[in-house]
Amino acid sequence: MTAIPTGRLGHLRALVGPGLLLAALLNGLGTHLKLIGVWDKAGYETYWELHCPDGVTTSAPVGVGRRCEVPDLSSPPRIPHRQGAEYALHVSPPGVWLKRAKDGFALVLVALCLACKPRSGWAAIRGLSPSAILLTLVAVGAALGIAAQGDGLALAVGARSFLFLAIALTSAGFIAAEGLSTVALWVAILLMAQLLFVPSQFLFGIPVNGYLPFLHLPRRMAGTFTFPNSLGVFAVVGFAFVSAYLPQRRRWPLLLSVCVALVWLSGSATGVVALLWWVAAAIFRSAPKRSRVRVVLVSALVASVVLAMLPPLLGRQTIFKGVFGPGGRVVSLTRVLTVMDGSRVIFGEGLGRGTNALASLSGVRSLGAGDSTVTTLVRQTGLLGCAAFYLLLAWAWRRDPLARPFYEVLALVSLTLAVTELFPANVLLGLALGRSLWHTPPRWPNDESA
């Protein structure tokens, strides 16, 4: 294999940030264009005809866009909001090619990471044990999947769930030469870019998740993500990544404001909880030791009040049913553990099982698909694989004080969303782990822990 010249490698590394931005925007652009009626105009018009009483629409109250001519927002639609929006959530051929951008980006990134050989050699990796344990269990999951059904599609889709591990194990040279500050800057640009898609969704978008209690506008924006919760979760994960690796802290207030706006617009309860954690953790770390108990108590009090106010705050009265109610995350995980026999509980059913991607491609939503990272990992690699994943996060958290807020936020949101499938959060996880595995990270200026 011919070595790539150092100068050319530098130019390629500089394209990683813009490539991440472009791939993330293209990934959900097809769904966004459908929701606002640019793509699949026939499906868009059919939705309004079925959704509105007598098919009558209006451009009120803002003069543009489409809305039902119904003065009473409490009047039920002729068809459920989400049922009528299925045409937009289905990935049609043009949208498939847009989504392939993230797969192409991932392959190019791993190839670039391999080309950037670390000066100290590949033997310099630290934390080999936790990463090797997870890698071994992933290999076991792949073998089980092939032995069970010989399903190459499931294996390929399942491998995407562990993209972060491939990046982590190969990114030593890339991080040593480039660092993560440039990538963090482009993540900040991606967060701000999501706000640009909000006006078109407000004015032209179909109300997949119902209406706001004012102006008859759709609620729960998704930006260029397929689902609103994905936008809210990534807003906090992305902000936590930027706050860890972007040196210019003077930009934090602006980015925090963007993050708060995206979380509120998406109506993501997970995003709210994760953002509260980040703020509380930041105050705790910057506080003197004598004041930290007070910070914990005040943070617990504020969190309790906000959690109690989440349903009216986000306009979602059944918000906690998604976790504890019938079909919620807890019930789904319990069902998965009940249905799987002893050996499968320990080692899983094989890569791809229980993933969003396989459910989307096959058209069949399997048990636990997309419920949480815990459920997804248990189905693919069993309890051992799930434990190995969180062990790796805990090891990286222990070793890399600078990245602790990012790891904490990611671990928290993983309890309600399959974050290892969420692009580009999975790429950011891989890069952060790569830095923790390969390099001796600096500490926070006032960090007194190990």
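The values are calculated or read from the model by the stated rules, or taken from the named source; none is laboratory data. Because the structure is predicted, anything quoted here is derived from the model rather than measured. All Cβ positions, even for glycine, are placed from backbone atoms using ideal geometry, and neighbour counts span all protein chains on display.
Yes/no per residue for (1) among the charged types (D, E, K, R); (2) assigned to a loop (DSSP other than H, G, I, E, B); (3) crowded, with 21+ Cβ neighbours inside 10 Å:
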| site | (1), (2), (3) |
| --- | --- |
| Leu195 | no, no, no |
| Phe202 | no, no, no |
| Ile206 | no, yes, yes |
| Pro213 | no, yes, no |
| Met221 | no, yes, yes |
| Thr224 | no, yes, yes |
| Asn229 | no, no, yes |
| Phe234 | no, no, yes |
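Checking Leu254, Leu262, Leu276 one by one, the residue that is assigned to a helix (DSSP H, G or I) and closer than 16 Å to Ala425 by Cβ is Leu262 and no other.
Listed here are the residues, each with its yes/no results for (1) closer than 21 Å to Val419 by Cα; (2) polar (S, T, N, Q); (3) in contact (Cβ under 8 Å) with a residue 24 or more places away in the chain.
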residue	(1), (2), (3)
Phe204	no, no, yes
Tyr211	no, no, yes
Gly238	yes, no, yes
Ala300	no, no, no
Ala303	no, no, yes
Ala308	no, no, no
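Taking Arg285 as the residue in question, decide whether it is free of Cβ contacts under 8 Å to residues at least 40 places away in the same chain and closer than 16 Å to Arg404 by Cβ. Judged against the criteria, Arg285 is not a match.
Among residues belonging to the stretch 368-381 that are in contact with a Gly (Cβ under 6 Å, 6 or more places away or on another chain) and part of a helix (DSSP H, G or I), point out the one that is surrounded by the fewest Cβ atoms within 10 Å (Cβ to Cβ).
Thr375
Considering the stretch 345-361, and only residues there that are assigned to a helix (DSSP H, G or I) and modelled with pLDDT of 75 or more, the residue that is surrounded by the most Cβ atoms within 10 Å (Cβ to Cβ) turns out to be Phe347.
Scanning the stretch 18-38 for residues that are within 17 Å of Leu107 (Cβ to Cβ) and in contact with a Leu (Cβ under 8 Å, 6 or more places away or on another chain) gives Gly19, Leu20, Ala24, Leu26, Asn27.
Just the residues that are part of a helix (DSSP H, G or I), surrounded by fewer than 22 Cβ atoms within 10 Å (Cβ to Cβ) and not small (Gly, Ala, Ser), please, taken from the stretch 408-420.
Residues satisfying the conditions are Glu408, Leu412.
Among the candidates Val183, Val157, the residue that is at pLDDT 80 or above and either part of a helix (DSSP H, G or I) or buried (at least 24 other Cβ atoms within 10 Å of the Cβ) (or both) is uniquely Val183.
Do the conditions hold for Ala240, that is, is it in a helix (DSSP H, G or I) and touching a Phe, Trp or Tyr at 6+ places or on another chain (Cβ under 6 Å)?
So Ala240 fits the description; yes.
Here the condition is being at pLDDT below 90, part of a helix (DSSP H, G or I) and within 20 Å of Gly348 (Cα to Cα); of Leu384, Leu402, Leu437, it holds for Leu384 alone.
Here is a check on your reading of the model: is Pro228 within 12 Å of the chain's Cα centre (by Cα) and not polar (S, T, N, Q)? Considered against the rule, which asks whether it is within 12 Å of the chain's Cα centre (by Cα) and not polar (S, T, N, Q), Pro228 comes out as yes.
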